[in-house]
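Notes to accompany the following structure.
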Amino acid sequence: MSHTIKVGVCDWSRFMSAGGFYPDDLPRAWELDYYSNEFETACINLSAIQAPLTLLQQWVEDLDDKFELFFRLERLDQVDLVKQLQQQTGVSISGLLLEHSMYHSFAHHESLLSPVAQSGMGANIRLIDVEDLWTPVSEKDNSLIALLPAPDDIRQCRSWIEQWLLQIKADHPSQDLTLWLDAASTSYSMLSECRTLVELMGH
């Protein structure tokens, strides 16, 4: 059975500010909803944005439940921010992307895990070590999320996707997968081409 691959960007705020995608007159509060009409996933780095909670609420409150929303966290206090955001908007959060040291702390100390596991944010929220993402350099085995730099061309993108899929073991035959392009180096046109490529590959 073919995997379903959701395509989007990691560090969405960089993509948001790069230009070339959003209409000039689009209100800032509508930008994530507008993005979600074309792409199926995004990871927002909370350390990279300077946005009040009210703007974060406006970004996420109208997202479809099928949209995969992740937050990248670098500090423990950001867990409380995400919890507050979910409680006030009811947004579905797919996962938290954590720096390696932070992930290690969450995984080994129940008192630190409790802000996520017992906060009411939902048991289905995935905790992901940033070092466990598949990249063309790391080629991590069995990683359900790939993070790609901007490819030289669409053929290189296809080659990377094929290499990544080879790492997915048979015990995940129909697991949904997430493909992010690094927003720091990715243009809207390349992201769109990658999205079309994934569809043509049957995912």
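The values are calculated or read from the model by the stated rules, or taken from the named source; none is laboratory data. Bear in mind the structure is a predicted one, so any value in this text is a computation, not a measurement. Here the Cβ positions follow ideal geometry from the backbone for every residue, glycine too, while neighbour counts run over all protein chains shown.
Things to note:
- Every listed requirement among (1) of a type in the set (Gly, Ala, Ser); (2) touching an Asp or Glu at 6+ places or on another chain (Cβ under 9 Å); (3) not in a loop (DSSP other than H, G, I, E, B) is met by Ala184 save one, (3).
- Taking the listed residues Ile145, Ile161, Ile128, the one that is surrounded by 13 or more Cβ atoms within 10 Å (Cβ to Cβ) and modelled with pLDDT under 95 is Ile128, with no other qualifying.
- Hits in region 131-166 - residues which are more than 26 Å from Ser189 (Cα to Cα) and hydrophobic (A, V, I, L, M, F, W, C): Leu166
- Residues of region 7-47 classified as part of a loop (DSSP other than H, G, I, E, B), of a type in the set (A, V, I, L, M) and touching a residue at least 24 places away in the same chain (Cβ under 8 Å), total: 1
- Only listed residue being modelled with pLDDT of 95 or more and either touching an Asp or Glu at 6+ places or on another chain (Cβ under 9 Å) or aliphatic (A, V, I, L, M) (or both), chosen from Ser36, Ser47: Ser36
- Condition met for Glu139 (among the acidic types (Asp, Glu) and either part of a loop (DSSP other than H, G, I, E, B) or in contact with a strand residue (DSSP E or B) (Cβ under 6 Å, 6 or more places away or on another chain) (or both)): yes
- Residue check for Trp12: of a type outside the set (Ser, Thr, Tyr), within 27 Å of Trp160 (Cβ to Cβ) and at pLDDT below 95: yes
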